[in-house]
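Below is one structure, written out as structure tokens; comments come after it.
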Amino acid sequence: MKLTSSQEEYLKTIYLLEMNSTKVRVTDIANKLKITKPSVNKGIKCLREIGLVNYETYGNISLTDEGERMAVGIIKRQDILEMFLEEVLEIDKKQAVEEAKAMKHVVSENTAIKLDKYITEVLNLGDLDCNYDENSEKCRNCVKITAKNRLRKNSSI
């Protein structure tokens with residue numbers, strides 16, 4: 001199922017808000033995305049209709065299992081793109097973050113998987129002996145630091 005970029009942003013935002021608190025409400029999403037509550041209501045109703053969120057008017061919002069799976073995929077796509085831009089193409093961090101945010105909406109899951117495989121092979125990240133959790137900011141930072149160190153080492157050889 002192909003979502004619009006705004007639907008992807010809603011899923012990602014709900015997921016991140018759920019990670020930081022037990023309740024997610026329309027106001028929380030509107031504040032985070034800097035948009036109006038009526039816009040959020042409309043977007044959430046569409047996501048509910050396609051089975052990605054649970055929501056009752058004036059109630060809490062939560063992701064369904066499928067909604068959570070999609071949100072994690074969206075976040076991972078952005079992380080992969082950001083890492084490629086920053087670590088492989090050596091684009092400065094601020095620009096890499098902004099471009100990865102925009103690109104994640106147009107890159108297919110298949111392309112993201114292939115890009116992830118390429119990065120893993122080029123940077124030899126498959127040998128990390130840890131309990132990597134893609135949802136952990138600490139783990140993502142560790143992978144980025146490891147990748148950066150390996151790129152520097154490879155380029156100086």
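The values are calculated or read from the model by the stated rules, or taken from the named source; none is laboratory data. On a predicted model such as this, the values are computed, not experimentally measured, just so you know. Every residue, glycine among them, receives a Cβ derived from its backbone with ideal geometry; neighbour counts consider all protein chains shown.
Selection over the stretch 12-41 of residues that are in contact (Cβ under 8 Å) with a residue 40 or more places away in the chain and basic (K, R) gives a count of 1. A single entry from E82, E66, E87, E9 fulfils the requirement of being touching a residue at least 40 places away in the same chain (Cβ under 8 Å), in a helix (DSSP H, G or I) and either outside the structural domain of I119 (by TED's automatic domain parsing) or among the charged types (D, E, K, R) (or both): E87. Can you say whether S6 is over 17 Å from K104 (Cα atoms) and surrounded by 14 or more Cβ atoms within 10 Å (Cβ to Cβ), as far as the supplied structure shows? Here the answer is no, as S6 does not meet what is asked. Note on the stretch 77-120: among residues that are polar (S, T, N, Q) and touching a helix residue (DSSP H, G or I) at 6+ places or on another chain (Cβ under 6 Å), the one that is farthest from M1 (Cα to Cα) is T120.
For the stretch 42-57, how many residues are part of a loop (DSSP other than H, G, I, E, B) and touching a residue at least 24 places away in the same chain (Cβ under 8 Å)?
Within the stretch 42-57, residues that are part of a loop (DSSP other than H, G, I, E, B) and touching a residue at least 24 places away in the same chain (Cβ under 8 Å) number 2.
Would you check which residues across the stretch 63-87 are of a type in the set (S, T, N, Q) and surrounded by fewer than 18 Cβ atoms within 10 Å (Cβ to Cβ) and list them? Don't jump to the end; show me each part of the working.
Initial filter on the stretch 63-87 (of a type in the set (S, T, N, Q)): 64, 78.
If the condition is that a residue be of a type in the set (S, T, N, Q) and surrounded by fewer than 18 Cβ atoms within 10 Å (Cβ to Cβ), then T64 is the only one that fits.
With respect to being of a type in the set (G, A, S), part of a helix (DSSP H, G or I) and not assigned by TED's automatic domain parsing to the domain that holds L11, A100 fits the description.
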